[in-house]
Every structure is written in C-alpha cells, then in structure tokens.
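Participant: Right, I'll just put the structure down here and ask away after.
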Amino acid sequence: MPLTVAIIGNPNTGKSTLFNALTGLQVRVGNFPGVTVEKKIGRIKGTAQPIDLVDLPGTYSLSPRSLDEMVSVNVLLGRQTDVGKVDAVVCILDASNLERNFYLACQVLDLGLPTVIVLNMFDVASTRGVRIDIPALSKKLGVQVVATSAHRKEGLDALKAAIASAVPNGPGTRPHPFPETFYSECHQLASKLAGLCRSDAPSFLVERALLDVGGYLETEWLDDDNAAEQWRTALVEARTRLKDAGCRVPAIEAKARYAWAKQTLAEITTIPSARAETLSDRMDRVLTHRFAGLLIFAVLMVVVFQAIFSWAEPLMGWCEAGQSAASGFVASQLPPGTLRSLLTDGVVAGVGGVLVFLPQIGMLFLFIALLEDCGYLARAAFLMDKVMSKFGLNGKSFVPLMTSHACAIPGIMATRVIEDRRARLATILVAPLMSCSARLPVYTLFISLFVSDSPLLGLRGARQGLTLFAMYALGITAAALVAAVLRKTIFHSETPPFVMELPAYKWPSPWIVFSRVWDRMMAFVTRAGTLIFAAAIVVWAGSFFPGDHSQEFEKQRLIEAAEPIKSDLLLQEARTVEALDKLNQRISHAAWENATERDDILKLTASTQTELAKLKAKLKPFEDASDEVNHMRASLVEQSFLGWLGHLIEPIVKPLGWDWKIGVGTLLSFPARELVVTNLGIIYGLGQDVDESDQQLWSTIREAKWPDGRPVYGVPVALSIMVFFSLCAQCAATLMTIRRETNSWRWPLVTFSYMTSLAYLAALVTYQVAIRI
Amino acid sequence: MPQTLDQLPEGQAATILDVEGDDAVAVRLLEMGLTDGELIRSLGPAPLGDPLEFEVRGYRLSLRIVEARRVLIRP
C-alpha cells in the first residue's frame with residue numbers, strides 16, 4: 001500500500017521543480033472531477049516504501065472561496081475520494097521570503113497532519129545574508145525542516161528521507177495562533193453544525209467557515225435550505241461577538257498568523273535589516289522603466305510571436321510530410337476501399353491533425369517556461385495589466401492572447417498562469433477569435449482572387465494588405481467586445497483582485513524548462529489529442545457514408561494498376577518536350593551549316609511534334625480517368641450525410657451569398673478551418689491536392705454559377721466568407737483543448753455557439769451591406 | 001489624518017493602519033501580509049501608470065490603484 005503525500009506551497013517557491021525532481025517524468029496527469037484544477041500524481045523515485053506525491057496548486061492560503069480552491073483543502077483533509085487519505089503533507093517555503101510564506105505554513109500545521117517543512121531556494125537566501133537555525137526551527141514546530149535548492153538539485157536526498165519518515169514522526173505542534181475567544185466560538189459553532197447533520201466536519205473546516213466571509217463553506221456547504229439559513233445566522237452572530245471582542249473577521253486571521261510567524265522566526269532567523277540592492281533590483285529598474293521597459297517587452301513579444309509563427313513552420317512541414325508519407329505507405333499496401341479511406345483520410349489525417357500542433361505548443365511553452373522561470377512573466381503582466389483590465393481581463397491574459405494569433409491552442413493552454421478563474425475563462429473564450437495562422441489560406445485565396453492589386457496611393461498590393469489587416473483587426477475588436485460583454489454577463493461580479501507577487505529574477509534552469517515543455521506537449525497529446533482524433537474520424541465518416549463508393553474504388557484501382565504505364569508515358573513525354581525545346585532553339589538561332597542540315601532539323605522537329613501529340617493522346621485517358629474519379633468523389637460527398645446537411649442548410653447560408661457547396665465546404669472544415677481550401681477542391685471535383693494558389697481552383701471559383709447562371713462568387717461573397725472564417729469556431733482542436741483545460745463540455749459549447757452566431761451575423765451584415773454599395 | 005496606499009509617493013515608506021472591507025480583495029491583501037503596524041514602501045507605478053509596485057515583508061507586490069486605495073496608511 002503506497003503512502004499518499006500532498007505537496008503544497010506559495011506560487012514561485014519552486015514547488016513544481018521539486019515535484020518533478022522527486023518524481024521524474026512518470027506522472028499521471030488528470031483533472032480533479034468537476035473543477036478546472038489539474039491533478040498531478042507521481043511516484044517518488046528510490047524510496048523503500050512506495051510514496052505517491054500529489055501536487056496541489058500553488059496558493060498563498062488555504063481559505064477556499066470557490067470549488068476550485070476547495071479541492072486543496074479536501075485533499076489535505078482526506079475528503080477528496082479520488083485521492084484518498086493523505087498520510088503526510090510537504091509544505092514548500094521560499095527561504096528568502098520566509099515571513100510571508102509562514103502564513104501558509106501556519107495554516108498547514110493547523111491541519112494536524114504529519115508535515116515536512118521545506119526551505120527551498122536556500123542558496124538565494126544565504127547569499128542575501130539570511131541565517132536560519134534549522135534544528136531550532138524544527139524543534140519549535142515539532143516537524144522536520146529540510147533546506148533545499150531545487151535549481152541546483154541540492155537537498156533532495158534529505159527531503160526524500162524526511163518524507164519517508166514523516167508518518168512515524170507524527171504531526172507537529174499546532175500553532176494555536178488565535179485568542180481563546182475565537183476557539184470557544186468555534187467550539188460552539190461545531191456543536192451547532194452537528195445539530196444540522198454535519199457531525200463529520202473537522203475543526204479545521206469550522207474555523208475556516210468562521211473566518212472566510214463569503215467563502216465556499218459559508219455559501220455552498222449545506223444543501224438543505226433551512227439548515228443553510230440557520231447556519232448562516234449562527235455564523236453572523238459568532239462574527240459579531242468576535243468583532244465586539246476585538247477580533248474582527250477576516251482581519252484577525254492575518255493578524256494572528258503573521259504575529260505567530262514573526263514570533264516563531266524572531267529567535268531563529270537573522271535577516272539583514274538594511275537590504276542591500278541586489279542585481280535583481282537593478283534589472284527590475286530597467287525592465288519596468290517607462291520607456292526601456294516597454295521597448296524590451298515589445299521586442300521580446302515580437303521574438304516570441306515570430307518563433308511560433310515562423311520558426312515552428314519547418315517543424316510543421318515535417319509533420320505534414322510525415323503525414324503524406326504515411327498516407328502513401330497505406331495506399332501502397334492496401335487496395336482502394338473503405339478501410340484505406342478510413343486509414344488515410346480518417347486515421348492518418350486525425351493523427352497528423354494532432355501532431356501538427358506540437359511544434360507551436362513546444363515553441364510557446366519553451367518561451368513561457370523560460371520567462372516564467374526567470375521571473376519576467378510576472379513583469380509582463382505588470383506592464384500590460386492596465387490595457388487588459390479595461391476589458392475585464394488582467395495583465396496575465398496578454399501573452400496567451402498575443403500568441404493566439406499564431407494558434408489559439410497553445411494560447412489557451414498558456415492561460416494556466418492566470419490564477420483568477422473568471423479572468424482565465426474570459427481569456428479562454430476570446431482567444432479563438434484572434435486570427436490564427438490557419439485562417440491565412442482562406443484569406444490568401446479570397447484576397448488574391450477578389451481584391452484588386454492595383455496601386456493605392458502609389459503602393460502596389462496596398463488594397464490587399466489593408467484587407468488582410470482588417471481581418472486581424474476584426475478578430476481583436478471582436479475579442480475586446482466579447483470580453484467586455486462577458487464581464488457584464490456571465491462573469492458579472494466584483495472585479496477580481498490582481499494582487500501579484502513580483503518574484504526576484506534568477507537564471508532559468510534548463511531541465512525545469514525542458515520538463516515544463518515536455519509536460520505540456522504530453523498533456524496535449526494524451527488529453528486533447530484523443531478528442532481531436534475522434535472528431536477527425538467522425539467528420540470522415542460523415543463525408544464518406546452512405547454513398548456507394550464501389551465504382552470509385554474500381555476506377556481508382558484501375559488507375560493505380562496502370563500507374564507504371566502512365567509514369568513511363570510521362571517520362572517519354574518529358575524527354576520529347578526536352579528534345580523539341582533543343583530543336584526549336586537551333587531553329588530560332590539558325591544554328592546550321594547548310595541547307596541539308598536545316599532540312600534534317602525541320603524534318604526531325606515535325607516528327608518529334610507528331611510523337612508528342614501521340615503521347616499526349618495516349619495520356620489523355622489517364623487524365624480523363626483522374627478527372628472522372630474526382631467528379632465521382634465530388635458527387636459522393638454531395639450524397640453523404642454532410643452533403644445532405646449542406647443542402648439542408650442552404651436556405652440558412654443563402655443570405656450570406658453562399659451556395660450549398662460553400663456550405664458543405666464549411667461543414668467539412670469543422671476539424672480545422674484551413675481544410676476549407678482542400679474541401680472546396682474536393683467539392684468542385686478537382687481532387688484533394690489543391691492549395692490556395694492553385695490556378696485550377698481559382699478559375700473554377702471564378703466560373704462557379706448558380707443554377708440560373710449568375711456567378712456565385714464576387715467581392716461581397718468573398719468578404720462574407722472571410723469574415724465568417726475570421727470569427728467562426730471551425731477548429732475541433734481548439735474546442736477540445738478548451739474542454740480539456742476547463743474540464744467541462746460547457747465552455748467549448750459556449751465558445752462554439754457564440755462564435756458561430758457571431759460569425760454568421762457578421763458575415764450576413766458584411767454581405768448584405770456589400771451588395772448594396 | 002489617514003491616507004490610502006495609492007497616495008504614497010514613490011520611494012517613501014509608511015505604516016499600514018487597516019484594510020477596508022471583508023471581500024475577496026481585502027482577504028487577499030491581508031493574506032499577502034498587509035496587516036496593521038507593518039511597514040510598506042512604494043516602488044512606483046508600472047510604465048502605463050497602473051498597477052503600482054510595493055515592498056512589504058521583504059518581498060515585492062503589485063497592486064492595482066483601486067486595490068491600494070483599500071489600504072489605510074500613516075506616513
């Protein structure tokens with residue numbers, strides 16, 4: 001039976017670092033049921049008795065204001081059924097900032113669990129001149145105290161030994177920081193609560209209930225309305241009596257615990273009174289300077305953006321190359337048929353659709369881990385908070401939203417740094433509105449087709465550039481508006497506090513950065529990846545069934561069987577063209593000695609031309625066959641479930657200026673919006689190998705007609721498609737990432753509904769206005 | 001005459017008298033160590049004017065102006 005040990009600490013104390021150092025990379029990652037809190041459990045390496053370490057979110061205190069914050073308390077009290085009873089707790093403190101960290105330590109010791117106190121960043125504290133008498137502190141608290149420097153991997157063995165012997169050592173001395181009146185009020189409350197069928201409540205929770213005005217235990221604890229009312233009255237009365245006795249709640253807790261912290265530390269530590277200015281202080285003066293600070297910030301953000309937008313590109317290219325290689329391999333091993341279609345268009349495309357995001361996720365988290373570990377991320381939030389707070393967000397929303405312009409998925413994953421739940425959800429909900437790189441093929445296709453490149457104010461391509469800029473501006477404006485609306489509606493309540501510690505700068509540690517990047521990439525593949533894959537299979541099935549593909553497969557089989565003949569003919573054709581080119585060159589330069597030679601050349605040219613024509617005639621049936629298969633596919637898609645759905649929604653998309661083909665193309669692009677170009681290619685019978693600069697696709701789009709002969713496309717339709725794709729939620733991967741990050745289907749559903757409605761309305765207005773001017 | 005923390009000039013220190021209210025903001029300020037009798041020093045505003053940076057109990061803290069206004073001080 002393994003022991004269960006929880007690990008808790010303030011943010012920025014190196015808790016994750018210690019967790020990773022103790023457990024290695026073999027960690028089970030999940031979610032606590034019903035909340036957004038991530039559950040990480042790892043087995044400690046190299047102990048005689050197996051020990052499972054449960055990572056709790058970084059926190060400054062154990063006063064639960066929401067269900068999310070209640071999780072840590074429940075785990076520690078053994079009330080979280082999916083974790084089980086906790087045998088001991090490890091409390092990580094920043095040794096260079098002991099007084100504030102002792103507040104949480106005081107609360108943890110009040111739990112009465114076997115405890116290990118860790119003084120991390122001991123090296124930093126020592127260089128600052130902080131001296132701590134560890135044996136004396138250990139004696140005073142009645143628990144083991146271990147000094148570590150996680151960055152240098154110092155003190156880890158001592159910590160392991162302390163954890164292993166924590167349970168036999170038993171709990172420490174309770175701090176007992178409050179005046180006696182407080183404890184007697186708690187006692188009375190506990191008996192009252194027992195009468196309201198909560199006889200199981202530990203004294204810790206009763207104390208919390210009394211202290212946390214408007215906290216989770218006050219408002220959510222009792223289901224029975226009648227009991228809840230009596231309970232609240234009892235709380236209010238007890239608090240009034242305490243206030244009269246000079247112990248005003250909630251101020252009494254901070255006062256009592258900080259007094260305890262000061263008193264405990266006074267005899268045991270020496271902290272240099274006049275703090276010498278450190279290198280960190282000098283760096284901070286530059287990095288938060290009015291001009292230099294903002295300039296450095298802007299440069300850094302450009303680099304981060306560039307990394308995700310461009311540097312990840314070659315890696316994504318490899319993913320795509322791997323995907324087509326895998327498809328090619330499957331096609332070479334299997335005859336055309338349903339299984340092959342499932343494998344190439346469903347499975348390989350689905351796996352590729354997951355892997356293709358890894359370069360961007362890795363790249364973003366490389367930077368975020370670096371910036372966070374060195375302490376700059378908090379400064380970035382400090383710099384940008386004023387701008388973001390105008391929209392109900394906070395400074396920590398900036399980096400996730402900015403990087404969402406490359407891809408919303410790493411952006412949404414990066415919102416983990418936002419502690420406030422409402423600000424984090426608001427950031428997640430608006431992040432997909434930013435124009436990500438997957439929108440570019442759509443923009444490129446329609447801008448190059450329908451926006452003139454004639455010079456504007458002497459600048460060639462200025463109109464096209466402006467249109468592209470307008471699309472990006474549209475996303476940002478919509479996000480600002482939606483965030484402001486969310487603050488007034490779903491997240492309507494007091495403005496969340498933005499009280500943030502600005503940690504001292506330090507050198508980032510490579511292995512911490514590496515493990516953070518690895519951790520995020522694995523979390524994406526195992527949790528969101530499976531859902532993205534499932535979505536790809538569902539959409540494949542929707543576009544494949546119920547049509548009869550036997551003719552298509554038969555034709556495809558014949559084409560593939562004749563492939564060697566075709567490539568041989570193509571080779572001959574290429575050689576003949578080359579030969580003809582040489583002959584034509586000699587003719588144009590009149591490169592001959594005499595009339596006989598000239599006649600020979602002309603004769604040879606004529607015969608080569610005939611030969612080429614013959615070859616072309618031989619190749620014609622092959623091209624016809626490919627065209628035929630492409631047309632079969634187009635009509636099979638039309639007959640499929642999604643095609644049927646596309647016809648069904650034609651009346652809905654018609655006011656946007658769309659025909660059913662654009663409708664189906666949009667439906668088919670649910671897994672990823674960049675697929676719309678490929679899907680239009682399939683629907684127009686051009687096959688799936690078209691891209692946004694395909695000339696055949698361009699001419700098909702230009703010539704597409706309604707049944708009555710009017711052209712389908714024009715500037716208004718092009719604009720309405722672009723506006724729709726700029727605002728819509730056609731990206732299964734984003735929605736599944738939201739599902740994973742919020743641990744609920746509610747938020748992806750909200751995101752999909754509001755974005756689709758917004759996209760539809762905006763496209764409708766765009767089209768209806770554009771056809772009238 | 002008590003002042004509020006947002007009025008504390010850059011570089012100067014003051015003693016905390018009280019934190020007003022009992023909501024989430026007040027509790028968070030108290031938890032971060034802004035209790036009465038404690039010394040706090042202003043390190044000035046962010047480049048855009050808000051939030052403000054302070055030093056208290058040996059560490060650095062960023063507060064928005066609206067939050068700093070909740071803290072009563074005696075210079």
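Just so it is clear, none of the values below were taken in a lab; they were calculated from the coordinates. These numbers come from a predicted model, not from an experiment. Methodologically, a virtual Cβ is constructed for each residue, glycine included, from the backbone with ideal geometry; neighbour enumeration extends over all protein chains shown.
Participant: Could you tell me which trypsin sites (Lys or Arg not before Pro) in the stretch A:700-773 are loop residues by DSSP with no more than 11 other beta carbons within 10 angstrom of their beta carbon?
Facilitator: Those that pass, being in a loop and sparsely packed, are A:ARG772.
Participant: Please compare each pair in A:LYS566/A:LYS705; A:LYS139/A:LYS192; A:LYS85/A:LYS396; A:LYS582/A:LYS616; A:LYS390/A:LYS654 to a cut-off of 28 Å on the Cα-Cα distance and tell me which ones are over it.
Facilitator: Table pairs above 28 Å Cα-Cα are A:LYS566/A:LYS705; A:LYS139/A:LYS192; A:LYS85/A:LYS396; A:LYS390/A:LYS654.
Participant: How would you rank A:438-451, A:93-106, A:305-318, highest first, on the average number of other Cβ atoms within 10 Å across their residues?
Facilitator: In descending order of packing, they fall as A:93-106, A:438-451, A:305-318.
Participant: With each run of n ≥ 4 DSSP H residues scored as -39500 (n - 2.57), what mean residue ellipticity at 222 nm is computed for the protein assembly as shown after dividing by its residue count and rounding to the nearest 500 deg cm²/dmol?
Facilitator: Estimated from H runs of four or more residues: -18000 deg cm²/dmol.
Participant: What is the distance, in nm, between label points placed 7 Å from the Cα along the Cα-to-Cβ direction at A:TRP698 and at A:VAL167?
Facilitator: For A:TRP698 paired with A:VAL167, the spin-label model returns 7.2 nm.
Participant: Round to the nearest 0.05 the FRET efficiency obtained for A:ILE565 and A:TRP644 when R0 = 41 Å and r is the Cβ-Cβ distance.
Facilitator: 0.60
Participant: Also: Rounded to the nearest 0.05, what FRET efficiency do A:SER635 and A:PHE329 have when you use their Cβ-Cβ distance and R0 = 25 Å?
Facilitator: 0.30
Participant: Between A:ALA462 and A:LYS262, what is the FRET efficiency for a Förster distance of 51 Å, r being their Cβ-Cβ separation, to the nearest 0.05?
Facilitator: The formula returns an efficiency of 0.20 here.
Participant: Could you give the angle, 0 to 90 degrees to the nearest 10, between helix A:421-430's Cα long axis and the longest principal axis of the Cα atoms of chain A?
Facilitator: Helix A:421-430 sits at roughly 10 degrees to that axis.
Participant: Return the sequence-ordered ³J(HN,Hα) values of the stretch A:704-721 in whole Hz as given by the Karplus equation 6.51 cos²θ - 1.76 cosθ + 1.60 applied to θ = phi - 60°, using x for Gly and Pro.
Facilitator: With the stated coefficients, the stretch A:704-721 comes to 4, 10, 6, x, 8, x, 6, x, 6, 9, x, 4, x, 5, 4, 5, 5, 5 Hz.
Participant: Expressed as an acute angle from 0 to 90° and rounded to the nearest 10, what is the orientation of the C-alpha long axis of helix A:251-266 relative to the principal long axis of chain A?
Facilitator: Approximately 80 degrees, to the nearest 10.
Participant: Taking Cα atoms, how many degrees apart are the long axis of helix A:98-109 and the longest axis of chain A, rounded to 10 and kept between 0 and 90?
Facilitator: The answer is roughly 80 degrees.
Participant: Further question on the same structure: Could you give me the ³J(HN,Hα) list for the stretch A:229-236, computed from phi with Karplus coefficients 6.51, -1.76, 1.60 and θ = phi - 60°, whole Hz, x at Gly and Pro?
Facilitator: 5, 4, 4, 5, 4, 4, 4, 4
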